[in-house]
Structures are given as structure tokens and as C-alpha cells.
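Nothing in this text is a laboratory measurement; each read-out follows from the coordinates by a stated rule. Treat the numbers as computed from the prediction; the structure is a model and nothing was measured. Cβ atoms come from the backbone with ideal geometry, glycine included; neighbour counts cover every protein chain shown.
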Amino acid sequence: MDVSLPPLSIHYLPSSEMFIEYIKKGAAYGMIPDLQLSDYIKTGRFINLAPDHSINLKLYWHCWNLKSKQLIDFTDCLINKNKEFLIQDNN
């Protein structure tokens, strides 16, 4: 049985901000991180279709293996400051 599929429409969106713009224009739907979504929910611009469901992802910080004070300080600052905003997995 020969099954031919229609060509897929594919869009390249280089940033999460661009993805949100596509959603706002009605050209896409998708999942948006809570930190980016909260203002849109508060203003009623977006609605949460599954408010009782969420997906938690582990985030990893990757940087070149360079030993510099600036990079070490930046990494420490990035990790410590984001602990205020991101859900922490205590496992």
C-alpha cells in the first residue's frame, strides 16, 4: 500500500519571544513557560487550556570549560538568582 503524505508546513522561530508572537497572531498554539506567560494570563490575552496540568523540565547550564573569574562569577550569579524564580527539584 503506497501512502503519500501532504507536505508539512514548517516554521522556524528563533526565539521563545517569536513563538509567543506567532501564538498572539493566531498562527500557532503551544506551551509557554509560566515566567513568560503570567502577564498574558493576567490580562486575558491567553487562557490556560489545562490549568491542572504542568510539565516540569530540568534545566542545565552549559558553558565552555574555561577557568575565568568572570565566568565563574556569572555562573554563580545565574544559578543563585534563578533559584528565586524556578521550581527547585530537591532530589
Item to check | Longest exposed-site-free window of the chain, the sites being trypsin sites (Lys or Arg not before Pro) in a DSSP loop that have at most 10 other C-beta atoms within 10 Å | outcome: 26-57
Checklist entry - Quick one: length gained pulling Leu59 to Tyr29 fully straight, 0.36 nm per residue minus the C-alpha distance? => result 8.5 nm
Checklist outcome for this item: Computed about the Cα centre, the charge dipole of the chain from +1 Lys/Arg and -1 Asp/Glu charges at the Cβ has a magnitude in debye, to the nearest 20, of 220
Item to check | Sites excluded, chymotrypsin sites (Phe, Trp or Tyr not before Pro) in DSSP loops with at most 11 other C-beta within 10 Å, longest stretch of the chain | outcome: 30-59
Checklist entry - Given 37 °C and 0.692 mPa s, how large is the Stokes-Einstein diffusion coefficient of the chain in µm²/s, with Rh as the Kirkwood radius over Cα pairs? => result 191
